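Written out below as structure tokens is the structure these notes cover.
What follows draws every value from the coordinates through simple rules; no lab data is involved. Everything quoted here is computed from the prediction, not taken from an experiment. Glycine also receives a Cβ, built like all others from the backbone with ideal geometry; neighbour counts cover every protein chain displayed.
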Amino acid sequence: MQLTAVPNPLREGLRLPRTPEPCIMVIFGASGDLTHRKLIPALYSLAVEGLLPTGFTVVAVARRPIGTENFRKQMREAVEEYARVKPVRDDVWESFAQGLIYLQANFNDSYGYDRLHDLLEQIDNERGTGHNHLFYLATPPNYYPEIIQELGAHGLNHSDPGWTRIIIEKPFGHDLESARELNREVAEIFNEDQVFRIDHYLGKETVQNILVFRFANGIWEPLWNRDHIDHVQITVSEQIGIEGRGNYFEQAGAIRDMVQNHMLQLLSLVAMEPPVAFQANDVRDEKVKVLRSIRLYAPEDVPLYTVRGQYGPGTTAGEQVPGYRSETNVAPNSMVETYVALKLFVDNWRWSDVPFYLRTGKALPKRISEISIQFREPPYMLFRDYAGQLRPNVLSMRIQPDEGISLMFEAKVPGPTMDVRPVNMEFRYGASFGEEPPEAYERLLLDAMLGDSTLFTRRDEVEAAWTIVNRIMEGWKLAPPPSFPNYEAGIWGPAEAETFIEEDGRTWRRL
Amino acid sequence: MTNNQPLDLQPNPLPEKPEPDSHDELGALVSGLPQAIAVQDIEGELRRLWKSTASAGQPVMRACVLNLLIYTRSREEAERAGEIAIRLMRRHPNRAIILQTDPAEPTGTPDQLESLVTISCLRPRPDSPTVCCEQITIKASGAGVEQLSSSVLPLLVTDVPVVLWWPGDPPFGKSLYRGLVSVADYLVIDSSSFADPLVEIAQLAARTQRRYALCDLNWTRLNPWRALTAQFFDAPSSQVHLSNIQQVNVQYGKGEQPNPIQAMLIIGWLGSRLGWQLGKAPATGNLANQSLIMRGPNRQNIIVNLRAVEPLDAIPGSIVELHLITPNAEFSITQTPGESSAHVMAQLKDGATMQRVVPLRLLSEAELLDMQLAIRGRDPIYEQALTLGAQLITL
């Protein structure tokens, strides 16, 4: 019998609405990088801040014969290096580590799931975790189907009493068909409200701030449309290359690595209508509407609206950088793109004919993620005679680094003449709030334990995003192959990307 | 979505001392060198100082989200208040107006006011810009003390709240107090320092419906205890125990004079959230150690035991243990002796014992203020806890 949560009267007035119920988090693929660098450090940080429930337990499942004690030691080292909250407190760590248990098992071994089932029962009885289980798939995606099937076959996909949820890491599918297939496989075993598809960008403070900025302030919505906005630019740029992840990147490319998930998420947050309520499905309904409104190009037209690039050798931050094709596990004649620029249109009443320019790439001059809204010029330029060239107003939301929001506008320079210059009015997280924001995974894991899926991707949302990306990939297959590499590491992408936007009478923001 | 800010439990520690700005020329202007000037010249002097910072060539950010008005009774208190105001700059950049009334240190001209003006800067993080705030100290003696409230009014920055922090015992009813509180949006006091808890807590409780919001740092100290207590009952399966609480034991640190206000506030909090009322039977014991009976909404009796024990920290009156007993479970939070942590335990009869260690350290005055200033508006939960707690303490 599911117990209905009623408001805890002691919570009223406290800043945190509620903390999760005691639960067990089962991490498949726990010997991997994600667990070391992100998951356990995030959980430890939550423990230090008292946000984990009493009795919280992690069962780490992986194939290697590590053992619980060694796993705890490894995780202590991981926390020393990667936790946000430092130095590591011995007393809190000891208490937290009591709840870390390692289970060696192969993902396709039915007996391993029997042992997992028995272990969960034992922990529920001994540590009071209430039959609440959160499964985290941190394995390579090819293991997802068999893990999900085995969980179902062993009755681990539901709890009564208690709840069961599953977090699935990106990439969710390789293309539209594989994403649909994976969704079907998940849906055979879990209900949609049990499924949490993670995109860690949504856990970032600054990404959440997009919604607060738009919908907690009354001044922006009247301007947030085609009547006042000329275009939108979304940039997610990395200074580093692929960091040895050739195996993964050769299969993914920039379009799957960044566009299908992070960038389309940012676009949907910028373009969405106000939701009827700040509840998970109401917010996600509006995001899906945006994705469905994005114009699908005919495959033969895709090259008109996209630019692909691949970096060659160059220099970033004063250091020589090899080309993509020289990276580990990358084919010497690889045709995988490391840079993508797109022009998208959201065909609805609010955004008709407003272009959304997206660009993302590896080995660019700096690491920066930014959304900029460029407004239309004034209808009549009173000051043209006095200024070299007036610039339109730009509202920019800096996702990382140097998180904040700034508005650029023209102001008069003090003096006897009517001299006009652009100035910036800035809100910066670092100056306005001295606090370090929590890591994205802290927020997301907490929400998953609470059952709040607002910051997770819904089934139809994933498929709508893949529909757009699939069409682009189809168009690329039909187009003549690009001449790679076509930009050197350390510059802002291929020359075609500059031409691409200049043809529209616009330019990329100089970041 | 959840708000992941852990302000209830433990704020990230404020820096012990703000990092000084490293630019030599700017440092001389903003290192806190006071300038003694007449009150009416304060704004002009501030403008001059800001211009100096601009001409030094280093970009600084002038920030102010609130007026922080602090009443002090000695030079030492004023200096300490100034340091706290600087530490608060990181999250609450402010214009601090420190009122120093010190009979031992009269102003140069009797019955007159003197003022000192500084601009203090800090860089919250190595990669962030320098943030600078203003600090004004007004010294008064003799009849000048009565002029303080009128001198403060023109110095308040518009459009931002006014926080009046009155350490020690606020002289409720006195004209200076009335004058200053009339411009305040928030009144911050600390009931742990009340010299006469019985009398002053009643006076405080009578002020919950005033125009300003009442903020008690003694209540803020309870935030981690409240959060940990609430966590016991977040799970639906645990909520059944809430209505079955039959006994509450609270231990708090004793001092030279007993001050059970914090203990009473946590009982007042529990009672006001769970619909408890005072029982008819009188309390037994004395102010330091007493037992009383409360009545729950189902007419059940709840025994409340308060006991003063040797304090683990320097603040007498602070809670060291909270223990809730129900027929089928017990819940306890116990501060670990000598450590900045607490042992949290939930024990179910015929079931599991769940326990963990959480950080729980004594919060400094600056940290308490920092947490308090993050709350906007009145705190009805505190007001209800205070009203019920004050009734208990006066039994």
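Do the alpha carbons of any pairs in A:K38/A:K170; A:K343/A:K366; A:K38/A:K73 sit beyond 20 Å of each other, and which pairs?
With Cα atoms farther than 20 Å apart: A:K343/A:K366.
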Discussion item. Suppose only helical runs count, i.e. DSSP H with n ≥ 4. What mean residue ellipticity at 222 nm does that imply for chain A under -39500 (n - 2.57) per run, divided by all residues and rounded to the nearest 500 deg cm²/dmol?
Written reply: -9500 deg cm²/dmol
Response to the item:
Amide H contacts under 5 Å for A:A60, restricted to residues at least 5 apart in sequence or on another chain and with H modeled in the peptide plane, are A:I27, A:I101, A:Y102, A:L103
Worksheet item: Which whole-number percentage describes the relative contact order of the range A:283-404, with Cα contacts under 8 Å and a sequence gap of 6 or more?
Response: 19
Worksheet item: Of all the Cα-Cα pairs you can form in the range B:162-281, what percent are over 17 Å apart?
Response: 64
Worksheet item: How do B:188-197, A:188-197 rank on mean C-beta neighbours within 10 Å, highest first?
Response: B:188-197, A:188-197
Worksheet, complete the sentence: Any trypsin sites (Lys or Arg not before Pro) in the range A:264-305 that lie in a DSSP loop and have at most 15 other Cβ atoms within 10 Å would be A:R295
Fill in: Under the Karplus curve 6.51 cos²θ - 1.76 cosθ + 1.60, θ = phi - 60°, whole-Hz ³J(HN,Hα) for the range A:409-415, x wherever Gly or Pro sits
8, 8, 9, 7, 7, x, x
Worksheet item: Helix A:144-153 versus the longest principal axis of chain A: what is the Cα-based angle in degrees, 0 to 90, to the nearest 10?
Response: 30
Practice prompt. Along Cα→Cβ, 7 Å out, is where each label goes; now give me the distance between the ones at A:D353 and B:R299 in nm to one decimal.
Written response: 7.6
Worksheet item: Which FRET efficiency value, to the nearest 0.05, do you get for B:E76 and B:N286 by plugging their Cβ-Cβ distance into 1/(1 + (r/R0)^6) with R0 = 45 Å?
Response: 0.85
Worksheet item: Helix A:440-450 versus the longest principal axis of chain A: what is the Cα-based angle in degrees, 0 to 90, to the nearest 10?
Response: 50
Item to complete: Among B:G144, B:I381, B:P316, flag the residue with its Cα farthest along the positive direction of the charge dipole of the protein assembly as shown, charges on Cβ as +1 for Lys/Arg and -1 for Asp/Glu.
Response: B:G144
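Compute the signed sum of charges (Lys and Arg +1, Asp and Glu -1) over the other residues within less than 9 Å, Cβ to Cβ, of A:A42.
+1
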Worksheet, complete the sentence: Kirkwood radius from Cα pairs of the range A:196-328 plugged into Stokes-Einstein at 4 °C, 1.567 mPa s, gives D in µm²/s equal to 73
Worksheet entry | Relative contact order of chain A, defined on C-alpha pairs under 8 angstrom at six or more residues apart (%) | 17
Discussion item. Placing +1 on the Cβ of each Lys and Arg and -1 on the Cβ of each Asp and Glu in the protein assembly as shown, which of A:M425, A:L120, A:V92 has its Cα farthest towards the positive end of the resulting dipole?
Written reply: A:M425
Discussion item. Amide H of B:K139 versus every other amide H placed in the peptide plane: which residues, excluding those fewer than 5 positions away on the same chain, fall under 5 Å?
Written reply: B:Q100, B:E114, B:S115, B:L116
Worksheet, complete the sentence: Expected sort for B:T101, A:T499 with the fewest Cβ neighbours (10 Å cutoff) up front is A:T499, B:T101
Discussion item. What does the structure give for B:236-244 when I average, per residue, the other chain Cβ atoms found within 10 Å of the residue Cβ?
Written reply: 4
Practice prompt. Determine which residues of the range A:139-181 fall in the zone a paramagnetic label at A:R64 would reach in this model, i.e. backbone nitrogen under 16 Å from the point 7 Å along Cα→Cβ.
Written response: A:139-140
Worksheet item: Dipole of the protein assembly as shown, Cα-centred, from +1 at each Lys and Arg C-beta and -1 at each Asp and Glu C-beta, to the nearest 20 debye?
Response: 1120
Practice prompt. Compute all pairwise cysteine Cβ distances in the protein assembly as shown, then list the cysteines with no distance under 4.7 Å to another cysteine.
Written response: A:C23, B:C64, B:C133, B:C215
Practice prompt. May I ask you to derive the FRET efficiency for A:A331 and A:K412 from their Cβ-Cβ distance with R0 = 60 Å, giving the value to the nearest 0.05?
Written response: 0.55
Worksheet entry | Set of lysines with alpha-carbon distance to B:K139 below 21 Å, sequence-local pairs under 8 removed | B:K174
Practice prompt. Among DSSP beta bridges whose residues both lie in the protein assembly as shown, state the antiparallel percentage, nearest 5.
Written response: 60
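Rank these for me by crowding, B:E321, A:E273, B:E367, A:E319, going from fewest to most other beta carbons within 10 Å.
Fewest to most other Cβ atoms nearby, the residues stand as A:E319, A:E273, B:E321, B:E367.
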Worksheet entry | Under Karplus coefficients 6.51, -1.76 and 1.60, residue-wise ³J(HN,Hα) of the range A:504-509 in Hz, glycine/proline x | 8, x, 10, 9, 5, 5
Practice prompt. Let me know the charge dipole size of the range A:47-188 about its Cα centre in debye, to the nearest 20, where only the beta-carbon of Lys, Arg (+1) and Asp, Glu (-1) is charged.
Written response: 380
Worksheet item: By how many degrees, 0 to 90 and rounded to 10, does the Cα axis of helix A:176-189 deviate from the longest principal axis of chain A?
Response: 30
Item to complete: Just grab the label-to-label distance for A:D160 and A:E188, each label 7 Å out from Cα along the Cβ direction, in nm (one decimal).
Response: 2.2
Worksheet item: Amide H of B:D190: which non-local residues (sequence gap of 5 or more, or other chain) have their own amide H closer than 5 Å, using H built in the peptide plane?
Response: B:G168, B:L217
Worksheet item: Once you average over the residues of B:355-364, how many Cβ atoms of partner chains fall within 10 Å of each Cβ?
Response: 5
Worksheet item: What FRET efficiency do you get for B:S182 and A:A277 if R0 is 56 Å and r is their Cβ-Cβ distance, rounded to the nearest 0.05?
Response: 0.85
Discussion item. Suppose the chain between B:T336 and B:L362 were pulled fully straight at 0.36 nm per residue; how much longer would it get relative to their current alpha carbon spacing?
Written reply: 8.2 nm
Discussion item. Placing one identical point scatterer on every Cα of the protein assembly as shown and ignoring solvent, what is log10 I(q)/I(0) from the Debye formula at q = 0.07, 0.11 Å⁻¹?
Written reply: -0.68, -1.42
Practice prompt. Take every residue in peptide B:264-276, count the Cβ atoms of other chains within 10 Å of its Cβ, and give the average of those counts.
Written response: 1
Item to complete: Sort out for me the Cα centre separation of the range B:322-351 from the range A:97-130, rounded to whole Å.
Response: 27
